[in-house]
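Working notes for the structure below.
No value in this document is a laboratory result; all are computed from the given coordinates. All values reported here derive from a predicted model rather than from experimental measurement. All Cβ positions, even for glycine, are placed from backbone atoms using ideal geometry, and neighbour counts span all protein chains on display.
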Ligand SMILES: Cc1ncc(COP(=O)(O)O)c(C=O)c1O
């Protein structure tokens, strides 16, 4: 994933306001130097081994494999990263770069809150000031993450413009950056945005694929037949896919948010539906969910981290080339897959990650036992307790919240 | 006549020219019409009409809200183009489109340029399109005689300014400071050095915008810039006092 002018086929680029031109020139400079410096990657890998939990395990999900009676199912455990998701990989990498750049403040957008928590954690560790922009709707959905970000010393600013979700948080972060670029780095959370972000984020996330390739060959004796990953902006998917891109026989499957179903229009499937079209927004060219005038549509998903109008230009190129196949999973399919995984394996995937499980479950039964599939479990689901408990309409949880509310009310 | 020549001519008998900004469809096309009439009657020299976009990345709160409300009210691109045609037919001053690149990209760049020309528009300001990404845009604006107005920022190096000027047409839009539209700018030593650098980098007229909101601001640009750009302030004024307040406000700026 290395490209000089930031284009992948016809996708990508850097559509940035002039005021950021110098900032991007500097960022590209530092990034290019870091990329050519083996000591930088070593420092990164050491940090991830001692501060996070790398290498994360590859778990053989034998109960699920038996349940479906087809392919051997393996799960790449990004949930075991510090802060509970793959987001930490990118964030710690960018943090090391910020140290090299000598900046003292980081800002980030967040959807699910996972990237925000990871950034706040990195900022606390490295001693940076930190501001997180989060759509007001996501603040409501992901309250526990807001709590942690604040406790970790970050300022969380709810974004009330536009659809009040991830894309609006990205706009808000850019507006901060154009004001404070001298001492501030924008730690973008996914493989989207202007060059060099897609390439840089994909590079940090490639650690997932490097490990998974080695692990599957050791544990299964050969590469998998298929690899599944959920796709919000595309960073966890690119992370694991990069371990297998050079093996044409390995089928790579990206799973987008089908929301209430593709025909309902309430989804976030930019590539798996027919609703996406080429556009330029948020600094890059990709397939967007937009209307005929080029106005971005509102998207929907039970998983805040997948609820986004655009997708990594690198993935759009791989999709156009036919190298990555795209599918979508609906909100209700996601809940069912999550339940099955909890009950059979004692593992709680994030709602985002559960999308990848859905597609693997649809296909595993038709495959042969001497084939393996890897599901990239991008994060853990216990952070989603409010959303998940709500989606399961769990009565005892509801009662607990009601009681807690009364208790707080009485204390006031 | 070329836009840059027309501006130079107009500048010959005025201390400084005024360019104002409106967001199309906010609060309504009816109000836009009245505001523009007031602006023109009180001597505004150029008007940039912003076609609303759902992701106005370089704008501040006042203009973001105007973009958003206009779209919520159902403003479509075609409404903007039709309205623009009415304005260029009614008023003799040059009108420009300001918008984000996706609006042009989605319509088709050549088709958009052709349509803008038919509409009587003289040029475009597209803040998220650097020349490096704008080969087609630069080609078709040239072909259709539209000015691809380029932007200088305080962070632009002298070398970069010359590169931008090379690609540009009409005039140069100098962003007065870092940040987004709508907050105050201070005209200090650093600002003066910046404007001197802008001047040294191009023969084109210089417009200065971002945070220009009153007579003092405009006066402090006399002798430095050719055009003062009033952006968010008239939107605020219309929000608070209605379209009728725009005329006296404009009249009081010079
Ligand atoms: C657990 C988890 N998985 C996936 C995503 C989607 O992002 P990406 O597609 O960049 O991996 C998010 C985003 O917030 C997330 O928190």
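Take the Cβ atoms of residue A:336 and residue A:217, set R0 to 30 Å, and the FRET efficiency comes out at 0.40. Beta bridges from DSSP with both residues in chain B: antiparallel share about 0 percent, rounded to the nearest 5.
Per-residue shielding of A:353-364, expressed as the average number of other chain Cβ atoms within 10 Å of the residue Cβ, stands at 0.
Given segment A:253-412, what percent of its DSSP beta bridges are antiparallel, to the nearest 5? Can you show the working numbers first?
Details: 9 of 15 bridges.
Counting DSSP beta bridges with both partners in segment A:253-412, the antiparallel share is about 60 percent.
Calculate the FRET efficiency for residue B:1 and residue A:29 from the Cβ-Cβ distance with a Förster distance of 56 Å, rounded to the nearest 0.05. Once rounded, the FRET efficiency stands at 0.80. DSSP finds beta bridges in segment A:36-151, and of those with both partners inside it, around 35 percent are antiparallel.
Could you rank the peptides B:241-249, B:98-106 by their average count of other C-beta atoms within 10 Å per residue, with the highest value first?
B:98-106, B:241-249
For chain A, the square roots of the Cα gyration tensor eigenvalues, ordered a ≥ b ≥ c, give a/c below 1.5, which places it in the rounded category. Cα centroid separation, segment A:179-204 to segment A:81-116: 10 Å. Tell me, how many Å apart are the Cα centres for segment B:112-154 and for segment A:325-345? Here the two parts' Cα centres lie 48 Å apart. Once the C-beta distance of residue A:37 and residue A:126 is scaled by a Förster radius of 25 Å, the resulting FRET efficiency is 0.85 to the nearest 0.05. Between residue A:5 and residue A:390, the simple spin-label model (points 7 angstrom out along Cα→Cβ) gives 4.6 nm. For segment A:82-181, the gyration tensor built on C-alpha atoms gives an oblate shape. Its axis ratio a/c (a ≥ b ≥ c) is at least 1.5, and a/b is not larger than b/c. Other protein chain C-beta atoms within 10 Å of residue C-beta, averaged over B:48-59: 6.
Placing pseudo-labels 7 Å out from each Cα toward the beta carbon at residue B:73 and residue A:155 gives an inter-label distance of 3.3 nm.
Beyond 22 Å, the tail of the calculated P(r) for segment B:54-179 holds 39 percent of the Cα pairs. The Cα center of segment B:54-101 and the Cα center of segment B:188-207 differ in position by 28 Å.
Among B:144, A:31, rank each residue by its count of other Cβ atoms within 10 Å, from fewest to most, as a rough exposure measure.
So the residues, fewest neighbours to most, are B:144, A:31.
Sorting the Cα pairs of segment A:57-135 by distance into bins of 10 Å, from 0 upward, gives 18, 37, 20, 15, 9, 1 percent per bin. Label positions at residue B:183 and residue B:12, each projected 7 Å from the Cα along the C-beta direction, are separated by 4.2 nm.
Each residue of segment A:211-364 gets 111 Å³ once the volume of the Cα convex hull is shared out per residue. The overall shape of chain B is rounded: from the C-alpha gyration tensor, with semi-axes ordered a ≥ b ≥ c, the ratio a/c is less than 1.5. At the listed q of 0.15 Å⁻¹, the Debye profile of segment A:273-412, built from one uniform point per Cα, gives log10 I(q)/I(0) equal to -0.91.
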